[in-house]
Amino acid sequence: MEEKYILTLDIGTTTIRAFIYNSRAETVGKAVDQVILHYPCPGFVEINPNELWTSVISVVKKSFQNANLSAGQITAMGISTQRSTFITWSRTTGKHFHNFVTWKDLRADSLVKQWNKSYTWKLFKFSAYVLYLVSRSKRFKAGSVFKFMNTQTSLRLNWVLQNVVALRNAVQNNDAMFGTLDTWLLYKLTGQRIHMTDVSSASATGFYDPFTMQWAGWGTLLLNIPISSLPTVVDTAGEHFTSTAPDIWGHAIPIRSCMADQTASMWGSCCFDVGDIKLTMGTGTFFNINTGSAPHASVSGLYPVVGWRLGDELVYSAEGANNDTASIIKWAQNLGLFISPQETADIANSVTDTDGAFFIPAFSGLGPPYNDGTAASGFIGMKPSTTKAHLVRALLESLAFRTAQLYQCVRNETDYTFHSIRLDGGVSNNDFLAQLVSDLTGLRVERPVHVEMSSLGCAHIVGLHLGIWKSKQELKSLRKVGCVFHPRPHVKKSYEHTISMWEDAVTRMCGWYSRSNSLKSVNAVSDSSGCGVVPKNSFKLLKNNGDAVK
């Protein structure tokens, strides 16, 4: 039987990976490149689409060379991308109006604060709560506690609609197209033939309703998002993605799946059953639990997202996130606390405690249970006796503490029985951190041989769709666990006072930027190359007749 090869393209926050797998889910070729992030203004985090496109073409070519294969030998490909990073472009010319605005970008921070404090939004949530009391609908329960966040696409898109002149003109002429990174990539790869996104990527934008499985009418109306610019939302796998233009890599490659990176990670970790937990520790920490056919309505801030849709199979996930993980490790390295991230576990184990020092990992605010975008990062409790080793241990402990908090939110809101956590992401290679997560959650932590689960997940779903693998059970049999960490109850007991002290330190850093007003949103001119002050009336909504509504 002729061997079948699956190409996967995974675009994360900082890394582009192209992997080629055979029919045994073994890697036969790979290539890696870096995503170039641009910081044109304070709080802005962008990706130049031309640079990204060049890198994508190059990294796939290198993976072919590494595998000694050509594009014509690839059976099909799958794509996974970072979520909520978006761009807009001209329907007529295909040219973009601005750079990608990434999920780490804070330019809409003032809008986030204004909306969450506004009477309009308070009335919206109160109305949703009343409807929940009457109907007991989970959809209205979720709406009653919904908060805008910088990581959502919604208000960042509203920001560019207000501030990028060329885009505003295009909207008036019905010439604007919107897309998260996956949508734009499909548009480019197929020679501008399709304008699509899958359900997992759409549900992370903040204005796609996972309960109705449609673009949220309230979101597009309140935020002035033109419906005509939005992509068609499709299943996670299928022929609808068509194929790559033949002139890109010398031969057309069928695209059979496109999904959000956290969904791909769930597939790579084989989290197919209700209650399965996947923990990705990459640029950020993403704690996902498979909730089956029903979206989870959270009161603590867990976000209900669509895991995947394959025909009649619709699977949801409840997600808790801490947006700073690898970014904190990199910051500490640049600060000189250590030379290589690989040595941090040994450094942390070289001391028995943190000497009373604590770290709050909140460069991008804090997720559940705090849900505070104004929280600040910092070390608290340092003394003359504090060493670099104490600070490194405090930093790693804080990441484990946040993970334990996310798990506790899940336990408080669900009645599932949990046994294990399936770990992935670059930071998961840290033994000290992996073991402490196991200790504090009381769960067995399984770390795979290779931690690039998004790439493997792409291969899994494509291979299953093509019939290379016959069932999810067969995919489970291919799963390779490299290391298992077992919980130590005595360690959890010994950390009780430490965690209590750390939680007190966190509360001191919550609301920091709302008090000091240190974080100021900035404005860009139409080409995103300059900065200024956000207009005071930037929060106003414009009705069709031009009247301003507070």
Q: Looking only at the range 371-383, decide whether some residue is modelled with pLDDT of 95 or more and of a type in the set (Val, Ile, Thr).
A: yes
(Q) For the range 147-176, give me each residue that is of a type outside the set (Val, Ile, Thr), in contact with a helix residue (DSSP H, G or I) (Cβ under 7 Å, 6 or more places away or on another chain) and at negative phi. (A) Lys147, Phe148, Met149, Asn150, Ser154, Leu155, Asn158, Trp159, Leu161, Leu167, Arg168, Ala176
Q: Go through (1) touching a Pro at 6+ places or on another chain (Cβ under 7 Å); (2) open to solvent by 30 Å² or more (accessible area, probe 1.4 Å) one by one and return the number of the condition Glu46 breaks.
A: (2)
Q) Can you tell which of Ser80, Ser63 is of a type in the set (Gly, Ala, Ser), in a strand (DSSP E or B) and modelled with pLDDT of 95 or more? A) Ser80
Q.
Show me the helices (runs of 4 or more DSSP H) found entirely inside the range 179-279 where at least 3 residues are touching a strand residue (DSSP E or B) at 6+ places or on another chain (Cβ under 8 Å) and under 20 Å from Ala318 (Cα atoms).
A. 199-202, 261-268
Q. Quick check: is even one residue across the range 444-461 part of a helix (DSSP H, G or I), of a type in the set (A, V, I, L, M, F, W, C) and surrounded by fewer than 22 Cβ atoms within 10 Å (Cβ to Cβ)?
A. no
Q: Could you check Leu7 against (1) closer than 26 Å to Asp109 by Cβ; (2) touching a helix residue (DSSP H, G or I) at 6+ places or on another chain (Cβ under 9 Å) and say which number it fails?
A: (1)
Q: Specify the residue that is modelled with the highest pLDDT; the eligible residues are those in the range 199-254 that are touching a Leu at 6+ places or on another chain (Cβ under 8 Å), surrounded by 20 or more Cβ atoms within 10 Å (Cβ to Cβ) and of a type in the set (Phe, Trp, Tyr).
A: Phe241
Q: Under 7 Å between Cβ atoms, at least 6 apart or on separate chains: pull out the pairs that start in the range 242-257 with a residue that is at positive phi and end on any residue that is open to solvent by less than 40 Å² (accessible area, probe 1.4 Å) and of a type outside the set (A, V, I, L, M, F, W, C).
A: Thr242/Thr190
Q) Do we have any residue at all in the range 336-357 that's among the hydroxyl-bearing types (Ser, Thr, Tyr), modelled with pLDDT of 95 or more and buried (at least 17 other Cβ atoms within 10 Å of the Cβ)? A) yes
Q: Among the residues of the range 319-336, count how many are of a type in the set (A, V, I, L, M) and in contact with a helix residue (DSSP H, G or I) (Cβ under 7 Å, 6 or more places away or on another chain).
A: 4
Q) Say we look at the range 1-26 and pick out the residues that are modelled with pLDDT of 95 or more and among the β-branched types (Val, Ile, Thr); which of these is farthest from Ser257 (Cα to Cα)? A) Ile16
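The values are calculated or read from the model by the stated rules, or taken from the named source; none is laboratory data. Remember, predicted model here, so these are calculated numbers, not experimental data. So basically every Cβ, Gly included, is an ideal-geometry build from the backbone, and we count neighbours across all protein chains shown. Heads up: the accessible areas ignore ligands, DNA and RNA and are worked out on the full protein's heavy atoms, side chains in. Shrake-Rupley method; radii C 1.70, N 1.55, O 1.52, S 1.80 Å.
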